[in-house]
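K.L.:
The structure follows.
Bear in mind these aren't lab numbers, they're just calculated from the coordinates by the rules spelled out. Because the structure is a prediction, the values reported are computed rather than measured. As a convention, Cβ positions derive from the backbone with ideal geometry for all residues, glycine included, and neighbour counts pool all protein chains shown.
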Amino acid sequence: MHYMGSKNKIAKELIPIIQDYIDKSGVGIYIEPFVGGANVIDKIRCERRIGYDVEPYIISLLTALRDGWVPPETISEAEYRDVKARKENYPPELVGYCGYQLSYGGKFFDCYRRDKIGKRDYCREAYNLTAKQVPNLQGIEFAVKDYRELTDISGAVIYCDPPYRGAGKYTAVGGFDYDYFYNWCIKMAAKNTVLVSERWMPEGFKEIWHKPVKICLDSGRSAGLEKTEKLFEVV
Ligand SMILES: C[S@@+](CC[C@H](N)C(=O)[O-])C[C@H]1O[C@@H](n2cnc3c(N)ncnc32)[C@H](O)[C@@H]1O
């Protein structure tokens, strides 16, 4: 799925590492507290997979798609603008679909994706990309939750992909308290395996993988930058 901060580009390398932790420990629960576009969880094999996110529109979209909702094949820029302006008049899954799938960089209603000469059919591309993901969403449990409410988990592999320090903001999310997050990870690691995607983590976290990738955060400002993606484990 098209989503700001999606791990699709690095999924090929990331998934086998996470999968290895699940397989070797033999745990039956895999949890993603920052599931976003479900671009990691949809490729993981585990008895139970749970994806949480604080952003209600993405959870509505993922749940509806999993349960058979089919998005419109085309949505014009005028329709997109109306959905953006009057969200309360539309089902939340459609708001999520327009807001993320049809917006530049998968950033919630950043701006309608189109090229200047109208050669590419972005609506069709989003529709096809979504249709391709739907079979892989089957069996995943989704719920709206702030990760800070997750306090009572044990015997799980928890993969965290939080908003990166210094990256663009996600809609429903205000500021992100990184120190709180680091402490939460360390607490959860007492009874679980905790893995984190970030570019930097403090003491107590060990880098287990890295790869330089090109990033694109929004409709102009950050295109073409190269940053290093890293995966950390709580030690
Ligand atoms: C980098 S994105 C996840 C991308 C996802 N891994 C993918 O590949 O599509 C980070 C997500 O964290 C969510 N988020 C931010 N603060 C949160 C919080 N306090 N609790 C739960 N989710 C939060 C955002 O809404 C966003 O969907």
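K.L.:
Can you tell me the length gained on complete extension of the stretch R48 to E125, counting 0.36 nm per residue apart and subtracting the Cα distance? Let's see the in-between values first.
P.N.:
Numbers: separation 77, 0.36 × 77 = 27.72 nm, distance 3.04 nm.
Contour length minus the Cα-Cα distance gives 24.7 nm.
K.L.:
Explain nothing, just compute: Karplus ³J(HN,Hα) = 6.51 cos²θ - 1.76 cosθ + 1.60, θ = phi - 60°, for every residue of region 90-95 in order, whole Hz, x for Gly and Pro.
P.N.:
For region 90-95, the Karplus-derived couplings read 10, x, x, 5, 6, 4 Hz, x marking Gly and Pro.
K.L.:
Sticking with this structure for a sec: What distance in nm separates the two pseudo spin-label positions at L225 and D179, each 7 Å out from Cα along the beta-carbon direction?
P.N.:
Placing both labels 7 Å beyond Cα along the Cβ direction yields 2.5 nm.
K.L.:
While we're on this one: Take the Cα of R199, step 7 Å along the line toward its Cβ, and report every residue of region 99-120 whose backbone nitrogen sits under 20 Å from that point.
P.N.:
Of the residues in region 99-120, 105-108 have backbone N under 20 Å from the label point off R199.
K.L.:
If you don't mind, there's one more thing I want to ask. Cα atoms only: what Rg and Dmax, in Å, come out for region 1-110?
P.N.:
Radius of gyration, then largest Cα-Cα span, for region 1-110: 15.6, 51 Å.
K.L.:
Return one number: the angle in degrees, 0 to 90 and rounded to the nearest 10, between the long axis of the Cα atoms of helix 122-137 and the longest principal axis of the Cα atoms of the chain.
P.N.:
Around 40 degrees separate the two axes.
K.L.:
Moving on. Working from Cα positions, state the angle (0 to 90°, nearest 10) between the long axis of helix 11-25 and the longest principal axis of the chain.
P.N.:
Between helix and principal axis, roughly 40 degrees.
K.L.:
Considering Cα pairs under 8 angstrom that are at least six residues apart, work out the relative contact order of the chain and quote it in whole percent.
P.N.:
It comes to 22 percent, rounded to a whole number.
K.L.:
In µm²/s, what is D for region 33-93 at 25 °C and 0.890 mPa s, where D = kT/(6 pi eta Rh) by Stokes-Einstein and Rh is the Kirkwood radius from Cα pairs? Display every interim value, and only then the final one.
P.N.:
Numbers: Rh = 13.3 Å.
Calculated translational D: 184 µm²/s.
K.L.:
By how many nm would the segment from E88 to D67 grow when fully extended, if each residue of separation counts as 0.36 nm and the alpha-carbon distance is taken off?
P.N.:
Using 0.36 nm per residue and subtracting the Cα-Cα distance, I get 5.4 nm.
K.L.:
Separate question: Report the convex hull volume per residue for region 60-188, counting only C-alpha atoms, in Å³.
P.N.:
Numbers: hull volume 18.0 nm³, N = 129.
Spread over its residues, the Cα hull of region 60-188 gives 139 Å³ apiece.
K.L.:
For region 119-211, what does the equivalent ellipsoid look like in terms of its semi-axes, each the square root of 5 times an eigenvalue of the Cα gyration tensor, given largest first in whole Å?
P.N.:
On the way: eigenvalues 171, 67, 43 Å².
Values for region 119-211, descending: 29, 18, 15 Å.
K.L.:
Taking every pair of Cα atoms in the chain, average 1/r, invert it to obtain the Kirkwood radius, and report Rg/Rh to two decimals.
P.N.:
The Rg/Rh ratio comes out at 0.96.
K.L.:
Test of the criteria: in region 1-98, which chymotrypsin sites (Phe, Trp or Tyr not before Pro) are in a DSSP loop and have at most 16 other Cβ atoms within 10 angstrom of their Cβ?
P.N.:
W69
K.L.:
In addition: With a Förster radius of 45 Å, plug the Cβ-Cβ distance of A78 and I17 into 1/(1 + (r/R0)^6) and report the FRET value to the nearest 0.05.
P.N.:
0.55
K.L.:
Another question, if that's okay. So, R0 is 41 Å and r is the distance between the beta-carbons of R148 and I117; what FRET efficiency does that work out to, to 0.05?
P.N.:
Efficiency at R0 = 41 Å is approximately 0.30.
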